[in-house]
Structure formats: C-alpha cells, structure tokens
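The values are calculated or read from the model by the stated rules, or taken from the named source; none is laboratory data. Since we're looking at a predicted model, the values are computed, not measured. Every residue, glycine among them, receives a Cβ derived from its backbone with ideal geometry; neighbour counts consider all protein chains shown. All accessible areas refer to the heavy atoms of the entire protein, side chains included, with ligands and DNA or RNA removed. Shrake-Rupley method; radii C 1.70, N 1.55, O 1.52, S 1.80 Å.
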Amino acid sequence: MPPMLPVRPFSAVRLADVLTSSLASLRSQPNPLGLPPAGKALVLLADGLGMSNLRARAGHARFLTSHLAKTDVVDGVFPATTAAGIASLTTGVAPGTHGLVGYKVLDAANDRVVNQLTGWDERMEPHSWQNQPTVFDTAAETGIPSFAVGPKRFTDSGFSRAVLRGAGYVPAETIGARFDAARAILDAEPTALIYLYVPELDINAHAHGWESARWLAQLENLDAETAGFAATLRPDEGMIVTADHGVVDVPAAKQVLFDSVPALVTGVRHIGGDPRCLQLYTEAGVDADALADTWRAVEGERAWIFTRSEAVAAGLFGAVRDDAAARIGDVIVAARKLIAYYDSREPNQSARSMVGQHGSLTDEELRVPVIRLGAYRR
C-alpha cells in the first residue's frame, strides 16, 4: 500500500510569521502579514481557538468574528499541539528547527519519552534543547523590550525558559488581569512587544469538550475582555489575536486501543505524540517502513501514516535540524477520522478522560485565526 501522505498544502503565511511580523512592524519593516508600522504590539494566543471552533460559535464571539476578515486565517504547525505551536510563534521557525516536534517526544540520550510542556528536568536543558533565538531575543538586540503575560504557574517552567527567554514574565491569573497587566505595560513603555497567553479554552476543551457550556463561557469571557481592551488601544498600538491549534471532540466510543492488534506494537520501544498524532519509536534494527505498512493495512482508512523520512521529505516539520531529527517518531500516525489512539498497556489511563483533542492534519486542528485590531486593523 502506498504511503498515506496528506495532499493538503500549507498556507503561505503560517503561525510562525505572526510574532515576527509584529516585531517587524515595530521596526517599520516589511513583514509576511503586511502589518503597518506601529509603536507597540501585542499578540494574544488563545490556546485551542481554531478557526472551525470560532466560526461555529460566532454568535458567542461577536466582537472577534466582526473583526475577522476572510483572509485572516493561517495554518498552525504539525503536529497541531501546544508545545510545537507556541515555540513556532515565539521563535519564528518550524518545529523541525526549534526542536519541539510534538507533545511527548523521544529523549534519545536518556532512552525515554518526555513531555515538552511539563516534563523538563535536569537532563533536559531548555537552552540546548530549544537552541534557536526567540523573537524576544531579537527584539532586545534593537532595544525593544518584550513581555510575556500569563498564569503564575508558568513563570519559570522549563517550557517557558525554552520558548519565552528574552521576555520579562508578568504573572496574572485571569484573562481580565492579563489584559490589565498588558495595558499597564503599554502605558509605561515607549515601545514594547507583548505576548499574552490564554490557556482557559484549551483546558476546558480537554476536560469537557469544545462544544460544552464551560468552553462556551470561556469564549464569551475572552470575547468581552478583548472588546474592552481593544477600546483602549491608541493609534500606535497594534494587536493580533491568534491560536496554536483547533480542537475536535472525540467521544469515548471513538477511542482506538491500538495495542489490541499486536502487530501494531511489535518492535515499538516508545510511544510519544498525542492521541490524534502518535509518534512511534522502534527498537534498534526494526524496519520502520515495514511497521508503517502494517499500520496502513490496519488503520490506513482512518489515519495518515508515514515514516520519519517521508514526513521530513514532505516538509511536515519544516527544516529539521540534525540534533532534533531523532525526536521525530520512526513512524507517525495522524488521525483523519474522528478518533483518538490509546495504549491500554499504559498504567495511567487518565488521559482517556479527555474530550477535546488535537494534533493531526485536519483543517479543524490546523487552521487558526489572525485577527487584527488597533493599529493593525484593516
């Protein structure tokens, strides 16, 4: 069976261009988004607010959707997961270059799978694991101060040190408090680049589903707070609202316990990725092409399945730096249908309680908004 590579092209402008374009606008330079010159810029990333999710609930986000032009949509990253997406936003490069190539990936030096959001320890040094300069580092080179505003618990996490270095971290616990903090920075600084993180939608999507009342309440809150803040923007202050990925709800009945087919896990040493984008790492000497063919024979009707070399050749991870290549699975299984893959041998099955899911190559997971406000409004 031939490789089930996706035929969908990526958009010319990507999530990685958003923060870099904002910095360019502060320097009055041309940029991929075509942003005009501004004195101060704020980029809000609403974790999990995909275009499909936003459009489906447009009546509950009237301010955001009223400022959303038809062309204000771009592709995020593959895999469509937070670690890869935020790192691409804040470095301006693809996952293969910054090295955060999934949610859980192989740390070959220590023969383990690590969670790139919460699994940082002394064996995983942020500056070497993610060795690219951030947009905040670049801003500092020309005297532009940068700030990251988000929940206190992320102030000095390993992930924050990997992807937010160069920015001063300002903790604030609610969406409203984060906007207040951003307004104070804008009032105090003659020029500034601000990144504002909103995790509430994604948290509620995972726990209850994006179609739940709790997710909807967070969307309404974000819409109202954004409208109030946008009303305070001065003529030289530009703002963009974007996201790292979208979300699909996967019912428990659509969970696939892939280890129930022994051939799918024979020769597999580690399992990483997300439930909608598995990354399989083989034992030494195992033929990845043969394992991929086995997966295609069983799951080829409802997943894209490809080897690492096929994925890299197809450009799914962008340019891949040498020391990050081994973090990509030998075989990748990306769900096409509304399913999620789980291993029933895993001692901790708590992840199976998740409703909202993401990670794969569908439009629902990849397409994100780029809403322009203030000085950036067209």
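Could you say which residue among T191, T226 is over 23 Å from the mean Cα position of the chain (by Cα) and of a type in the set (V, I, T)?
T191
Please determine whether any residue of region 343-351 is assigned to a loop (DSSP other than H, G, I, E, B), open to solvent by 40 Å² or more (accessible area, probe 1.4 Å) and in contact with a Pro (Cβ under 8 Å, 6 or more places away or on another chain).
No, every residue in region 343-351 fails to be assigned to a loop (DSSP other than H, G, I, E, B), open to solvent by 40 Å² or more (accessible area, probe 1.4 Å) and in contact with a Pro (Cβ under 8 Å, 6 or more places away or on another chain).
Scan region 293-304 and tell me whether some residue there is at pLDDT 95 or above, buried (at least 20 other Cβ atoms within 10 Å of the Cβ), over 18 Å from A80 (Cα atoms) and among the hydrophobic types (A, V, I, L, M, F, W, C).
yes
How about region 283-292: which of its residues are surrounded by fewer than 19 Cβ atoms within 10 Å (Cβ to Cβ) and either of a type outside the set (G, A, S) or assigned to a loop (DSSP other than H, G, I, E, B) (or both)? Step through it out loud before you land on a result.
Step one: filter region 283-292 for residues surrounded by fewer than 19 Cβ atoms within 10 Å (Cβ to Cβ), giving 283-287, 289-290.
Across region 283-292, the qualifying residues are E283, A284, G285, V286, D287, D289.
Which strands (runs of 3 or more DSSP E) does region 1-118 wholly contain that include 1 or more residues that are open to solvent by 10 Å² or more (accessible area, probe 1.4 Å) and closer than 21 Å to R234 by Cα?
Counting at least 1 such residues, we get 40-46.
Return the residues of region 168-199 that are in contact (Cβ under 8 Å) with a residue 60 or more places away in the chain and among the hydrophobic types (A, V, I, L, M, F, W, C); say none if nothing qualifies.
Within region 168-199, the subset in contact (Cβ under 8 Å) with a residue 60 or more places away in the chain is 182, 186, 189-199.
Listed by number, the residues that qualify are A182, L186, A192, L193, I194, L196, V198.
Looking for something in contact with a Phe, Trp or Tyr (Cβ under 9 Å, 6 or more places away or on another chain) and among the polar types (S, T, N, Q) - is there at least one such residue anywhere in region 350-369?
Scanning region 350-369, I find at least one residue that is in contact with a Phe, Trp or Tyr (Cβ under 9 Å, 6 or more places away or on another chain) and among the polar types (S, T, N, Q), so the answer is yes.
Could you list all residues from region 243-268 that are open to solvent by less than 30 Å² (accessible area, probe 1.4 Å) and outside any strand (DSSP E or B)?
Selection gives A243, D244, H245, G246, V247, V250, F258, D259, L264, V265, G267.
Please tell me if R123 is open to solvent by 30 Å² or more (accessible area, probe 1.4 Å) and part of a helix (DSSP H, G or I).
Numbers: open to solvent by 30 Å² or more (accessible area, probe 1.4 Å): yes; part of a helix (DSSP H, G or I): no.
So R123 fails the test.
Would you pick out the residues in region 79-123 that are under 13 Å from the mean Cα position of the chain (by Cα) and of a type in the set (A, V, I, L, M)?
A80, A83, A84, I86, A87, L89, V93, A94, L100, V101, L117
More than 19 Å from the chain's Cα centre (by Cα) and of a type outside the set (S, T, Y): does that describe D202? Let's see the steps before the verdict.
Values: more than 19 Å from the chain's Cα centre (by Cα): no; of a type outside the set (S, T, Y): yes.
Taking the combined requirement at face value, the residue does not satisfy it.
Give me a count of the residues in region 293-306 that are assigned to a helix (DSSP H, G or I) and without any contact (Cβ under 8 Å) to a residue 40 or more places away in the chain. It would help to see each step written out before you state the result.
Initially, region 293-306 is screened for residues assigned to a helix (DSSP H, G or I), giving 293-299.
With without any contact (Cβ under 8 Å) to a residue 40 or more places away in the chain added as a condition, the list becomes 294-295, 298.
Of the residues in region 293-306, 3 are assigned to a helix (DSSP H, G or I) and without any contact (Cβ under 8 Å) to a residue 40 or more places away in the chain.
Looking at region 269-278, is at least one residue open to solvent by less than 60 Å² (accessible area, probe 1.4 Å) and of a type in the set (K, R)?
Scanning region 269-278, I find at least one residue that is open to solvent by less than 60 Å² (accessible area, probe 1.4 Å) and of a type in the set (K, R), so the answer is yes.
Just need a number here: residues in region 322-339 that are surrounded by fewer than 24 Cβ atoms within 10 Å (Cβ to Cβ) and at pLDDT 95 or above.
7
For region 307-316, indicate whether the set of residues that are among the hydrophobic types (A, V, I, L, M, F, W, C) and part of a strand (DSSP E or B) is non-empty.
Checked region 307-316: no residue is among the hydrophobic types (A, V, I, L, M, F, W, C) and part of a strand (DSSP E or B).
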